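The values are calculated or read from the model by the stated rules, or taken from the named source; none is laboratory data. All values reported here derive from a predicted model rather than from experimental measurement. We place every Cβ from the backbone using ideal geometry, glycine too, and count neighbours over all the protein chains shown.
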Amino acid sequence: MKKIKQKLKKGDHVLIISGEDRGKKGKILSIDKTKNKIIVEGANLIKKHVRPRKQGEQGGIIEKEGTVHVSNLKLICPKCGEPTRIQKSALDNQKRVRVCNKCGEFID
Ligand SMILES: [Zn+2]
């Protein structure tokens, strides 16, 4: 299996580029680095049936975010607001930073 480089971080805003939620934007809530699965706020909602646990409590259906594969996401640059590819670049002090392909600004 091809390994996908992890360039997205928790809290990033992303655009979903394929699947049912294509075109949706949201914030990354959590990342499973081993599986490249990402939970995006409001995306890939799964309906879950909840049974009432106590008497008098109401059961029902709640919606919960499902995971989205990292390859279906594109980062929205916080500087220019465009969905973009990220480049990695090394600063003089060897620190690696992410750079927006569209506007050239550092994202980190
Ligand atoms: Zn940008």
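Starting from the stretch 88-108, keep only residues that are among the charged types (D, E, K, R), then list their pairs with residues that are in a loop (DSSP other than H, G, I, E, B) whose Cβ atoms are within a distance under 6 Å, requiring at least 6 positions of separation or different chains.
98/107; 98/108; 102/80; 102/82; 105/79
Tell me, which residue of the stretch 58-108 that is out of contact with any Leu (no Cβ under 8 Å at 6 or more places or on another chain), part of a strand (DSSP E or B) and assigned by TED's automatic domain parsing to the domain that holds residue 33 is surrounded by the fewest Cβ atoms within 10 Å (Cβ to Cβ)?
The qualifying residue surrounded by the fewest Cβ atoms within 10 Å (Cβ to Cβ) is 61.
Residue 40 - would you say it is within 16 Å of the ligand (Cβ to nearest atom) and crowded, with 16+ Cβ neighbours inside 10 Å?
Judged against the criteria, residue 40 is not a match.
If you scan the stretch 10-50, which residues turn out to be among the aliphatic types (A, V, I, L, M) and under 21 Å from residue 107 (Cα atoms)?
14, 15, 16, 17, 28, 29, 31, 38, 39, 40
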